[in-house]
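Data first, discussion second: the structure below is written as structure tokens.
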Amino acid sequence: MGRAIAIFNQKGGVGKTTTNINLGASLAQLGKKVLMLDIDPQGNTTSGIGVSKKDLEYTVYDLLIDAEFDTRKAVMHTNVEGLDLIPANTDLAGAEIELVELDGREQRLRHAIDRIRDDYDFIFIDCPPSLGLLTINSLAAVNGVLIPIQCEFYALEGVSQLVSTIDLVKKNLNPELEIEGVVLSMFDGRTNLSIQVVQEVKKYFGSKVYSTVIPRNIRLAEAPGFGMAITEYDPKSKGAQAYNAFAIEFLEWEGAK
Ligand code: ADP
Ligand code: MG
């Protein structure tokens, strides 16, 4: 059965979507079957992997609103072999409100994902930067949470709220839920600040912090504009090397579970 992981940090711009696409692509290139679910109404994972947000036949919205929906119908293949996507567009913004009225409003994504769990080794959910029902549905549906943290001033701001949200969902909706790991992103080794942030995050999360650190790399910021994972866009770049190394470390951790 596939392991489902939410990529979550309620702060925007910390590298959630970049990690979703590039960890997903690197794992697929290592031979794993990977599904990415885009549950952010901005649809950045969708466009970032080269799928147009216009004219989508089905999206995550259908999974959430129609309890009988056949999840497989919404799955799209990407240009990376072994990497599939359930896309999102702005329809999802409405789901946040529509869900309030629906039965089992916090567990709808879990039921939708259960239908396809066996098709994949890993299912990643790219969460929106908020603590609303879309995020709650994601946390209720997964085995673990992968937290990207940006190496910048105020990196740990909001982290205690993030951890208490995870604890709350664990207590009330999903007793299995655990922190999968914490990955530091946009590291700049030339600055003391980046080095300091790494130390602080390690102090807070201890052994949950991956030793692979994702550097700030302009190629990583360019790749989604071309609808490509970094390993396709510029396989020799520092960003591609980092996500490949991260995928290997990620698998080692998974194997040790
Ligand atoms: P989030 O999904 O948490 O909002 P993103 O992954 O979209 O964050 O990243 C925010 C912005 O920073 C995007 O423009 C992205 O391309 C860029 N970015 C992400 N990671 C890196 C990195 N390691 N180096 C350079 N730019 C990055
Ligand atoms: Mg994002």
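The numbers here are math on the coordinates, done by the rules we state, and not lab data. These figures come from a predicted structure and were not determined experimentally. Here the Cβ is made from the backbone with ideal geometry for all residues, glycine too, and neighbour counts use every protein chain on show.
Relative to the current alpha-carbon distance between Asp118 and Arg219, full extension at 0.36 nm per residue lengthens the span by 33.0 nm. 3J(HN,Hα) couplings calculated from phi for segment 130-146 with the Karplus curve 6.51 cos²θ - 1.76 cosθ + 1.60 (θ = phi - 60°) are, in sequence order, 7, 10, x, 5, 5, 5, 4, 4, 5, 5, 6, 9, 10, 8, x, 10, 9 Hz; Gly and Pro show x.
Remark on Ile125: its backbone amide H falls under 5 Å from those of Ile5, Ala6, Ile7, Leu37, a criterion applied only to residues 5 or more positions apart or on other chains, H modelled at 1.01 Å from N.
Between Leu63, Leu30, Leu177, the residue with the greatest mean-square fluctuation in the GNM of the chain (Cα pairs under 10 Å linked by springs) is Leu30. The slack in the chain from Leu168 to Ser52, taken as 0.36 nm per residue of separation less the alpha-carbon distance, amounts to 38.2 nm. Listed peptides 215-224, 72-81, 31-40 appear in the order 31-40, 215-224, 72-81 once ranked by packing, highest mean of other Cβ atoms within 10 Å at the front. Counting only residues at least eight positions apart within a chain, or on another chain, the aspartates and glutamates with an alpha carbon under 17 Å from that of Lys16 are Asp38, Asp40, Asp126, Glu152, Glu157, Glu180, Glu222.
Rounded to whole numbers, the Karplus 3J(HN,Hα) couplings from phi for segment 155-162 are 3, 8, 4, x, 5, 5, 5, 4 Hz, using 6.51 cos²θ - 1.76 cosθ + 1.60 with θ = phi - 60°, and x at Gly and Pro.
Separation of the alpha carbons by more than 24 angstrom is noted, of Lys11/Lys203; Lys170/Lys208; Lys32/Lys53; Lys54/Lys170; Lys11/Lys208; Lys171/Lys208, for Lys32/Lys53; Lys54/Lys170. 3J(HN,Hα) along segment 53-65, derived from phi through the Karplus expression 6.51 cos²θ - 1.76 cosθ + 1.60 where θ = phi - 60°, amounts to 6, 7, 6, 6, 6, 10, 9, 4, 3, 4, 4, 7, 8 Hz, with x in place of Gly and Pro.
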